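Chemist: One structure follows; several queries about it will come next.
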Amino acid sequence: MTDNSFPFDIRPVDGTENDNLQKYFQGFKYIRVGPKNYFLINGYTEGAAYIYNMPLRPDDVFVASFPRSGTTWTQELVWLLANNLDYSTAANVSLQKRYFFLEQSLFMTEEIKEKILKDNTNTEKNPLDDYNIPRAEETAKLPSPRFLKTHLPMSLLPPNLLDTTKVVYVARDPRDVAVSYYHLSKLFKVSEYLGDFKSYWGFFIKDMVNWAPFFEHLKEAWQLRNHPNMLFLFYEELSKDLPTTVQRVADFLGKQITKDQLAELCSHLSIDNFKKNSSVNYNEAKNSGILTANESFIRKGKSGGWRDSFDEEMTREADIWIAKNLEDTDLRFPSML
Ligand code: A3P
């Protein structure tokens, strides 16, 4: 029997905060969770306790992150190292099928399903048939080793996580995350964001985007970075020196890799090859009409690209926001050193 206790309170977002959100995020209902006020869609309420208490296995591998921090990149890297560089399966079975996205089904609320059906009336098939997202409970039926993706912060995951299994956490400069997240919100038809980037940035720094607050999320993982079962990576490290970072992941997973294999893997993981790789581009979601065809999941893949989207006022705002949030921690982004 699984324990069903969940130690945090869950409160609806309402009042002015909610009125503001409704103008831009098309009628979704949001909640805040626990003392850190994690911001999530209301569907999370249903699965919070199961996820918090889920039975773990020693050979599970988690890839965790705040959204748009290089999760997909890290997932492919981890999966290939853990699976003896099986490029053939990696090409034939999509990353979405190779990993279980723990909380994904909780985002498929009835309102969202209705919206998907309404938006796709001109397709012959029911888009939800091809995009059947299993609930977190289904993880119990998966064969070992399980590969799990989550954007949930460490405090909402099982407390025995690191004592049982390995976690690779990836973090990224929040300014690049914000730009990338804005594009993602345009990509998902159901949650299509209605404003411009400047207004999105306003929501981002007020912790009003899914899985925010950004800094709390990162700090929770950062505090655990020295645990032998935690590997804390930065997107900027992957970006600047992929071979060294891949080697760190291999060492963490206890895998040997030759020089030639390392070179081949780095080439496979390059942004140019990734863009062409249909196995990592969420094509199932695109085919079923959940994602728009106008934007792609793998996008520019640059570090520091935020400069093209920030005006002076936003740059100043970002400097202040980042400095304030880094006051009580030794967490530093490689891009800011
Ligand atoms: P951009 O939108 O800035 O291009 P996540 O997988 O966590 O959603 O993160 C997505 C971000 O990682 C996107 O950033 C995407 O382009 C980038 N990314 C994905 N694969 C990459 C790769 N192989 N090399 C560099 N960046 C990559």
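Chemist: Run down S94, S88 and say which single residue is more than 16 Å from the ligand (Cβ to nearest atom) and either touching a His at 6+ places or on another chain (Cβ under 8 Å) or of a type in the set (G, A, S) (or both).
Modeler: After applying the criteria, what remains is S88.
Chemist: Continuing with the same structure: Which condition from (1) polar (S, T, N, Q); (2) open to solvent by less than 20 Å² (accessible area, probe 1.4 Å); (3) within 15 Å of the ligand (Cβ to nearest atom) is the one that Q104 breaks?
Modeler: Result: Q104 passes all but (2).
Chemist: Would you check if A90 is under 30 Å from L238 (Cα atoms) and small (G, A, S)?
Modeler: Yes; evaluated as a whole, the condition is true for this residue.
Chemist: Just to verify a result, which residue in segment 176-211, among those that are among the charged types (D, E, K, R) and part of a helix (DSSP H, G or I), is farthest from A285 (Cα to Cα)?
Modeler: For segment 176-211, the residue satisfying everything is K198.
Chemist: So if I check each of K23, K29, which one is more than 15 Å from the ligand (Cβ to nearest atom), of a type outside the set (V, I, T), within 22 Å of S199 (Cβ to Cβ) and in contact with a Pro (Cβ under 9 Å, 6 or more places away or on another chain)?
Modeler: On inspection, the qualifying residue turns out to be K29.
Chemist: Turning to a different aspect of this structure: Taking P158, is it in contact with a His (Cβ under 9 Å, 6 or more places away or on another chain), assigned to a loop (DSSP other than H, G, I, E, B), open to solvent by less than 60 Å² (accessible area, probe 1.4 Å) and modelled with pLDDT of 95 or more?
Modeler: No.
Chemist: Of all residues in segment 218-250, count the ones that are farther than 21 Å from N325 by Cβ and basic (K, R).
Modeler: The qualifying residues number 2.
Chemist: Please determine whether any residue of segment 317-328 is assigned to a loop (DSSP other than H, G, I, E, B), crowded, with 18+ Cβ neighbours inside 10 Å and within 16 Å of the ligand (Cβ to nearest atom).
Modeler: no
Chemist: Restricting to segment 278-291, give me the number of residues that are within 19 Å of the chain's Cα centre (by Cα) and part of a loop (DSSP other than H, G, I, E, B).
Modeler: So the answer is 3.
Chemist: Looking only at segment 186-203, how many residues end up being at pLDDT 95 or above, within 14 Å of the ligand (Cβ to nearest atom) and open to solvent by less than 10 Å² (accessible area, probe 1.4 Å)?
Modeler: 1
Chemist: Another question about this same structure. Here is a check on your reading of the model: is Q247 polar (S, T, N, Q), part of a helix (DSSP H, G or I) and over 22 Å from V170 (Cα atoms)?
Modeler: Here the answer is no, as Q247 does not meet what is asked.
Chemist: Would you mind stating whether K275 is open to solvent by 60 Å² or more (accessible area, probe 1.4 Å), within 21 Å of Q75 (Cα to Cα) and within 12 Å of the ligand (Cβ to nearest atom)?
Modeler: Yes: the conditions hold for K275.
Chemist: Surrounded by fewer than 16 Cβ atoms within 10 Å (Cβ to Cβ), more than 16 Å from the ligand (Cβ to nearest atom), more than 27 Å from M230 (Cα to Cα) and among the polar types (S, T, N, Q), is that true of N132?
Modeler: Answer is yes for this residue.
Chemist: Determine whether F310 is in a helix (DSSP H, G or I), open to solvent by less than 40 Å² (accessible area, probe 1.4 Å) and either on the phi > 0 side of the Ramachandran plot or in contact with a helix residue (DSSP H, G or I) (Cβ under 8 Å, 6 or more places away or on another chain) (or both).
Modeler: It is false that F310 is in a helix (DSSP H, G or I), open to solvent by less than 40 Å² (accessible area, probe 1.4 Å) and either on the phi > 0 side of the Ramachandran plot or in contact with a helix residue (DSSP H, G or I) (Cβ under 8 Å, 6 or more places away or on another chain) (or both).
Chemist: Going by the conditions given, is F39 open to solvent by less than 10 Å² (accessible area, probe 1.4 Å), closer than 30 Å to L81 by Cβ, of a type in the set (F, W, Y) and at pLDDT 95 or above?
Modeler: Taking the combined requirement at face value, the residue does not satisfy it.
Chemist: Which residue, of D241, D251, D260, is acidic (D, E), open to solvent by 40 Å² or more (accessible area, probe 1.4 Å) and within 14 Å of the ligand (Cβ to nearest atom)?
Modeler: Answer to the selection: D241.
Chemist: Here's something else I'd like to know. Can you give me the number of residues within segment 55-85 that are within 14 Å of the ligand (Cβ to nearest atom) and outside any strand (DSSP E or B)?
Modeler: 15
Chemist: Right, something else. Among the candidates H151, H183, single out the residue that is out of contact with any strand residue (DSSP E or B) (no Cβ under 7 Å at 6 or more places or on another chain) and within 12 Å of the ligand (Cβ to nearest atom).
Modeler: When all the criteria are applied, what remains is H183.
Chemist: Quick one: L40 ticks every box in (1) touching a Ser or Thr at 6+ places or on another chain (Cβ under 8 Å); (2) among the aliphatic types (A, V, I, L, M); (3) not in a helix (DSSP H, G or I) bar one, so which box is it?
Modeler: It fails just one condition, (1).
Results for (1) of a type outside the set (D, E, K, R); (2) under 18 Å from the mean Cα position of the chain (by Cα), shown as yes or no for each residue.
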| position | (1), (2) |
| --- | --- |
| L148 | yes, yes |
| M154 | yes, yes |
| N160 | yes, no |
| D163 | no, no |
| H183 | yes, yes |
| K198 | no, no |
| W211 | yes, yes |
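The values are calculated or read from the model by the stated rules, or taken from the named source; none is laboratory data. All of these numbers come straight from a predicted model, not from anything done at the bench. Note that each Cβ is placed from the backbone with ideal geometry, even for glycine, and that neighbours are counted across all protein chains shown. Please note that ligands, DNA and RNA were not included when accessible areas were found on the heavy atoms of the full protein model with its side chains. Shrake-Rupley method; radii C 1.70, N 1.55, O 1.52, S 1.80 Å.
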